[in-house]
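Here the structure is laid out as structure tokens; the discussion comes afterwards.
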Amino acid sequence: MTRKLYYDSPNVSEWKTKLVEMTEVDGKYHIQLEETAFYPEGGGQPFDIGQIDGINVVDVFEKESKIIHVLEGKPLQTNVDCKIDWERRFDHMQHHTGQHLLSATIIKLFDIETVSFHLGKDTVTIDLNTNNLTNQQLLDIEKSVNQKIYDNVEIKTYIIDKKDLSSLPLRKLPKVDEDIRIVEIKDNDISACCGTHVSRTGEIGLIKLLKTEKVRNNTRLHFKCGKRALQEFHKANEIISTFTSLYSTNVDLIIEKTNSTLSELKQLKKQNEVLTEEVLLIEADQIIYNNNGNVVTFVFEDKSMKNLQKLANLIHAKKECILLLMSLSENKLLLMSNTKSDFHCGNELKNAISSFNGKGGGNATQAQATFSSQVELQSSFDLIKQELLKI
């Protein structure tokens with residue numbers, strides 16, 4: 001059986017050992033070693049990556065009590081040099097121990113249990129059996145859990161028999177019946193766990209709670225530890241520095257300045273909407289004045305579909321006609337009719353867009369389409385215009 005260095009010596013990142021078995025599977029090589037520090041995936045913790053004899057390790061898993069290392073190539077030596085990606089492993093150790101400490105803190109403060117744990121490359125979460133956590137609760141949790149990190153208490157791991165479980169105040173009962181591994185954070189938490197952990201809480205560095213979200217009947221809490229948490233602070237500080245520079249103010253006034261700016265933008269938006277309505281009214285009157293027939297076509301350099309529809313409604317309020325409007329900036333067509341004829345906007349537009357790679361549709365009185373280029377837009381516009389002139 002392979003000796004598990006990730007338990008016996010969790011800080012080992014480089015070692016020499018012997019290859020004891022190798023099998024080729026789907027172009028990759030599954031190997032076993034006399035001893036390994038490569039952690040196989042389990043307990044919510046991802047597997048380790050690194051190199052064996054200079055060959056990349058792309059997966060590690062445990063099968064029938066055997067630790068299988070999946071390599072991209074074939075090792076040429078029996079005696080091999082092994083190296084794990086220590087930065088990644090230590091990050092996993094920080095977050096796994098951090099999760100234990102965080103879950104224990106939440107139980108102690110609010111009697112809320114953790115129901116699941118996810119440790120990913122970009123996000124780390126625990127799901128809690130509560131519908132909600134208030135902002136004050138989150139502040140209390142973060143303050144308490146980081147104090148326990150500052151206390152730098154000892155973390156021990158050991159194996160016990162199933163019959164001895166009742167003597168321990170476990171946070172959750174284990175699913176295994178033998179070789180039950182216990183992770184104990186002194187004076188804080190005792191849990192069954194198969195993952196790798198730091199030796200003292202101070203090695204976690206810090207824990208930053210980021211956000212919560214509702215997931216079914218639970219609350220998902222996002223958090224980061226150690227270097228990831230520090231990077232989160234750096235990112236937030238860069239954003240704050242940018243805003244203080246933009247507003248020429250200090251940190252304490254950023255929210256006030258931002259709210260003031262948003263209020264001004266809201267007022268400007270209202271003013272712009274009023275002016276736009278006035279412009280559309282003028283444009284509608286001009287188009288009606290310049291078009292005596294029952295077919296009106298017009299091309300706009302820069303007008304949104306929303307404003308095209310408003311303009312069309314203003315025209316139709318004063319004139320019975322078929323409207324074909326085009327926006328070059330959005331590569332869109334609008335076809336509308338309020339006539340009593342048998343003309344069907346949706347059918348006419350469908351025939352045109354099928355020839356020029358457009359997307360859209362509609363009904364008898366209104367249809368619209370979007371095109372990937374102005375060439376296709378113009379071609380479709382010209383085709384529909386030709387058909388309208390026959391009416």
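The values are calculated or read from the model by the stated rules, or taken from the named source; none is laboratory data. Here the structure is a predicted model, which is why all the values come from computation and not from measurement. Because the Cβ atoms are built from the backbone with ideal geometry, glycine has one as well, and the counts that use them run over all protein chains shown.
Out of all the residues in region 322-344, is one or more outside any strand (DSSP E or B), of a type outside the set (A, V, I, L, M) and surrounded by 21 or more Cβ atoms within 10 Å (Cβ to Cβ)? No, region 322-344 contains no residue that is outside any strand (DSSP E or B), of a type outside the set (A, V, I, L, M) and surrounded by 21 or more Cβ atoms within 10 Å (Cβ to Cβ). In region 231-253, which residues are surrounded by 14 or more Cβ atoms within 10 Å (Cβ to Cβ) and within 27 Å of the chain's Cα centre (by Cα)? Passing the criteria: 232, 243. Checked against the criterion of being basic (Lys, Arg), without any contact (Cβ under 8 Å) to a residue 12 or more places away in the chain and assigned to a loop (DSSP other than H, G, I, E, B), region 172-181 contains one or more residues that satisfy it.
Scanning region 1-35 for residues that are aliphatic (A, V, I, L, M), farther than 20 Å from residue 45 by Cβ and surrounded by 15 or more Cβ atoms within 10 Å (Cβ to Cβ) yields 19, 31. Is there a residue in region 201-223 that is more than 28 Å from residue 132 (Cβ to Cβ), at pLDDT 95 or above and surrounded by fewer than 12 Cβ atoms within 10 Å (Cβ to Cβ)? Checked against the condition, which is being more than 28 Å from residue 132 (Cβ to Cβ), at pLDDT 95 or above and surrounded by fewer than 12 Cβ atoms within 10 Å (Cβ to Cβ), region 201-223 yields no hits at all. Exactly one residue out of 318, 270, 227 is surrounded by fewer than 16 Cβ atoms within 10 Å (Cβ to Cβ), in contact (Cβ under 8 Å) with a residue 40 or more places away in the chain and out of contact with any Lys or Arg (no Cβ under 9 Å at 6 or more places or on another chain), and it is 227.
Reported count of residues in region 345-391, each being of a type in the set (A, V, I, L, M), without any contact (Cβ under 8 Å) to a residue 60 or more places away in the chain and not in a loop (DSSP other than H, G, I, E, B), is 8. Of all residues in region 61-117, those that are under 27 Å from residue 11 (Cβ atoms), under 23 Å from the mean Cα position of the chain (by Cα) and outside any helix (DSSP H, G or I) total 2. Here residue 289 meets the list (1) surrounded by 10 or more Cβ atoms within 10 Å (Cβ to Cβ); (2) closer than 30 Å to residue 342 by Cβ almost entirely, failing just condition (1).
Condition first: farther than 29 Å from residue 134 by Cα, part of a strand (DSSP E or B) and small (Gly, Ala, Ser). Now tell me which residues in region 182-200 satisfy that. If the condition is that a residue be farther than 29 Å from residue 134 by Cα, part of a strand (DSSP E or B) and small (Gly, Ala, Ser), then 192 is the only one that fits. Against the numbered list (1) under 23 Å from residue 172 (Cα atoms); (2) free of Cβ contacts under 8 Å to residues at least 40 places away in the same chain; (3) part of a loop (DSSP other than H, G, I, E, B), residue 137 comes up short only at (3).
Hey, among the residues in region 109-149 that are closer than 14 Å to residue 187 by Cβ and touching a Ser or Thr at 6+ places or on another chain (Cβ under 8 Å), which one's surrounded by the fewest Cβ atoms within 10 Å (Cβ to Cβ)? Here the residue is 144.
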